[in-house]
Amino acid sequence: MTDDTPMSNIQGPTTVLYPVNAQQKSVPQGPGELYTPAHDYHTSVPIPRQKMVPPLTLGTYSDDNMILEPPKEHPFEDGEFVSPGFFDRAHHTWFSHHASTADWTYAKRRDAQQILPFLYLGPASMARDRGFVQNEGITLLLSIRDKRSAIARLLSGVKIAEELGIQADAVDVDSEQELISLYPKIIRAINQHISSGVSARPGLPPRVLVFCESGNGRSASVVIAYIMSMMNLDMASAMWAVHHRRFCIDVGESMQTLLHSYQAILDAKREVAKARRQEASTSSSLAIQPPSHPGGQLTKKRSFIEYDGDANTSATDENTGSSVQKNAIQVDDNAEHPKQRPAPFIERVV
């Protein structure tokens with residue numbers, strides 16, 4: 001395959017199948033065998049096959065166009081992903097993106113692609129491309145790199161950022177699994193930058209280039225997680241949206257599992273935020289409209305002192321004529337009272 005080989009005949013991710021590595025072996029059968037197999041026998045646990053189907057809601061199969069619309073709501077609490085007043089500073093059109101499929105060539109893997117009007121995804125070489133950074137109006141170079149690269153001071157983008165007077169930041173991780181705890185922090189950093197008002201040219205929003213060494217692995221997962229959080233999309237839809245723009249992303253089985261887990265975390269955060277909003281709404285309505293009572297009088301709950309006074313009132317025993325406590329009468333007459341029940345243990349007779 002050459003760098004200019006067109007790949008337009010490939011219409012996005014349809015079905016991704018992973019081969020089953022388990023060896024299959026049939027159980028011996030015959031008149032002399034003691035057992036008859038009821039199903040196929042495997043000598044090892046088969047690997048489940050992963051499937052991903054492009055969502056029809058983000059485009060059409062006829063022309064394979066991608067359509068991303070601004071979310072109708074942000075179902076998370078303030079401070080989770082955005083600061084208070086974020087949507088007053090960030091225009092809603094920044095979260096709208098319509099794109100048609102262009103003929104993908106192998107050479108385009110070395111370029112950066114625009115996922116949203118303010119969000120780009122690409123390899124580290126594009127962060128060092130001064131012409132690209134200036135022409136596209138990039139204002140933040142965000143590196144997702146291994147900690148070993150950080151020690152060697154690689155994949156930083158600091159040098160170009162200092163020369164052009166823009167910002168640079170880096171997220172250092174030991175492994176892919178560490179990313180799931182860093183997704184919210186990265187998303188907040190991106191949102192804080194685009195709402196800061198920094199712009200390379202008048203009329204352009206602040207723009208962020210997210211990159212790793214290849215632009216296909218960890219940086220792609222960060223962009224997918226951002227779209228899941230801010231566009232209210234599930235993992236499959238967000239992954240297809242990024243794959244539509246950058247065909248060469250490599251989100252393997254382990255990364256898909258990680259993003260599935262992140263989707264479950266987002267669902268839980270939505271439920272918690274919804275419950276707190278309902279609780280706040282109920283509390284405010286009760287404060288404004290106190291409950292009504294018959295006769296217009298509020299009932300008073302008895303205090304512990306009054307309750308103890310009732311318990312200490314005495315009565316006269318009909319048989320002996322002596323004064324006894326009411327509680328004592330209730331205990332004697334009630335066989336179900338805890339004091340009348342048999343003890344769980346008895347003393348051993350020696």
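Look at Arg270, Arg188, Arg201 and count the other Cβ atoms within 10 Å of each Cβ; fewest to most, that gives Arg201, Arg270, Arg188. As a proxy for reagent exposure, Val171, Val210 were ordered by neighbouring Cβ count within 10 angstrom, fewest first; the result is Val171, Val210. Which values of log₁₀ I(q)/I(0), to two decimal places, follow from the Debye formula for region 56-278 at q = 0.10, 0.13, 0.18 Å⁻¹ with a uniform point scatterer at every Cα? Result of the Debye calculation: -0.43, -0.74, -1.50. Separation of the alpha carbons by more than 22 angstrom is noted, of Lys147/Lys269; Lys108/Lys147; Lys72/Lys269; Lys147/Lys185, for Lys147/Lys269; Lys108/Lys147.
Among Phe76, Phe211, rank each residue by its count of other Cβ atoms within 10 Å, from fewest to most, as a rough exposure measure. Can you show the working numbers first?
Details: Phe76 19, Phe211 28.
Going from least to most buried by this count: Phe76, Phe211.
Model label sites at Ile265 and Lys185, defined 7 Å from Cα along the beta-carbon direction, differ in position by 1.1 nm. A straight chain from Phe87 to Val198 at 0.36 nm per residue would run longer than the Cα-Cα distance by 38.4 nm. Coupling constants for region 105-110 follow from the phi torsions by the Karplus curve (6.51 cos²θ - 1.76 cosθ + 1.60, θ = phi - 60°), and in residue order they are 10, 4, 5, 6, 5, 7 Hz; glycine and proline get x.
If packing is taken as the average count of other Cβ atoms within 10 Å, what order do 248-254, 203-209, 137-143, 147-153 fall into, highest mean first?
Going from most to least packed, we get 137-143, 203-209, 248-254, 147-153.
Contact order normalised by length for region 56-278, with contacts defined as Cα pairs under 8 Å and 6 or more residues apart; what percent is it? Show your work: numbers first, answer last.
Details: 342 pairs, mean separation 54.7, N = 223.
Worked out over region 56-278, it gives 25 percent.
Eigen-decomposition of the gyration tensor built on the alpha-carbon atoms of region 140-236 gives equivalent ellipsoid semi-axes of 21, 20, 10 angstrom, largest listed first. Dipole check for region 56-278: with +1 at the C-beta of Lys and Arg, -1 at the C-beta of Asp and Glu, and the Cα centre as origin, the magnitude is about 420 Debye. On full extension, the segment bounded by Ile67 and Glu279 gains 72.8 nm, given 0.36 nm per residue less the C-alpha separation.
Using alpha carbons only, what's the Rg to Rh ratio of region 94-187 with Rh from Kirkwood?
Working: Rg = 14.5 Å, Rh = 14.8 Å.
Taking Rh as the inverse mean 1/r over Cα pairs, Rg/Rh reads 0.98.
Just so you know, all these numbers are worked out from the coordinates, no wet-lab data involved. These numbers were taken from a predicted model, which means no experiment stands behind them. When we count neighbours, we look across all protein chains shown, and the Cβ atoms used for this are built from the backbone with ideal geometry, even at glycine.
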